[in-house]
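What follows is a short report on a single structure.
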Amino acid sequence: MAGRSVLPYNLIMVWVPLLLVAFVVSGVACARVCRDAVAGDTRGHGDGLTVREAAYLAGGPLRVADLTLVGLHRSGLVLLAHTGWATVVDGTGGRDEVERAALGAIGPGGQARIGDVRELAAAAAGVRAVADCLVARGLALPEDARRVTAAGARELRGAFLVTLALGAGSVLLVPAGERGPVAAWFALPLVAAGLCLLIARTGDPGHHCWASPAGRRLLAGLSAHDPMTALARRGTEVLEPELRAAFRVHDRQHPA
């Protein structure tokens, strides 16, 4: 009789240490994300952003390259075809270093794939200068801070999944009549990790850690009515169908 009563008791009490593990895992991950957010909340200075600066903060160097290519297309210097090719119409143009770098990336033949051009343009010195200026103003995160923030977000996602798995396993270990209280206990760390994850994803819609909290606040204050500003903030999805197709060709050939 004693042997039959001890085994169920041991099985039932297994969920307690699992709950402690869930609290520790989710608590550490949430604390790290909060610490990184506080550390990154530098006081940025400056009253506004250029469209190119907004593009970098919202999507990094590739977003700046996209903005530049669309600007060249609309000014008649480059033709972006829906087949995914960029063709130089007037190679003598280019209002600044970034536009000249994009024109040069298309090459002497005057035609190149948009995906190749945007990657070369994103690595141009002019784009790095935009990034350095934003970092100096406290509006963009430096490279080491971006790595730390991305690692914290991955840890938080992992903590959420671990807590979910521990909770599900614990609920299955106990009798049906006791599953409600066990699930309620595991809901605490699960909700905490889920809320932190939701806030992190809301604060960084593109899941790229380019902008500091100060930079995100400036981004949020930009008007969404100007087409180029909308492109800077939201990417090529806001473009007209033919231009959107031109950029999607590269995405289909090089899936993430």
Pairs with Cβ under 6 Å, 6+ apart, first in the stretch 13-25 and farther than 14 Å from ALA192 by Cα, second in a helix (DSSP H, G or I) and of a type in the set (Ser, Thr, Tyr): TRP15/SER170; LEU18/SER170
Residue within the stretch 160-183 that is modelled with pLDDT under 85, more than 17 Å from the chain's Cα centre (by Cα), over 21 Å from VAL130 (Cβ atoms) and in the same structural domain as GLN111 (by TED's automatic domain parsing) present: no
Check on ALA246, crowded, with 18+ Cβ neighbours inside 10 Å, at pLDDT below 90 and not assigned by TED's automatic domain parsing to the domain that holds SER75: no
Single residue of the stretch 191-205 satisfying the filter (modelled with pLDDT under 60 and surrounded by fewer than 16 Cβ atoms within 10 Å (Cβ to Cβ)) that is farthest from CYS34 (Cα to Cα): PRO205
Residues being modelled with pLDDT of 90 or more and over 21 Å from GLU242 (Cβ atoms) - total across the stretch 104-119: 1
Residues of the stretch 74-86 classified as surrounded by 14 or more Cβ atoms within 10 Å (Cβ to Cβ) and not in a loop (DSSP other than H, G, I, E, B), total: 5
Any chance ARG147 is more than 26 Å from the chain's Cα centre (by Cα) and loosely packed, with under 15 Cβ neighbours inside 10 Å: no
Long-range neighbours under 7 Å by Cβ, at least six apart or interchain, first residue within 15 Å of VAL70 (Cβ to Cβ) within the stretch 80-101, second of a type in the set (Asp, Glu): HIS82/GLU242
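The values are calculated or read from the model by the stated rules, or taken from the named source; none is laboratory data. What you are looking at is a predicted structure, and each value in this text was computed from that prediction instead of being measured. Cβ atoms come from the backbone with ideal geometry, glycine included; neighbour counts cover every protein chain shown.
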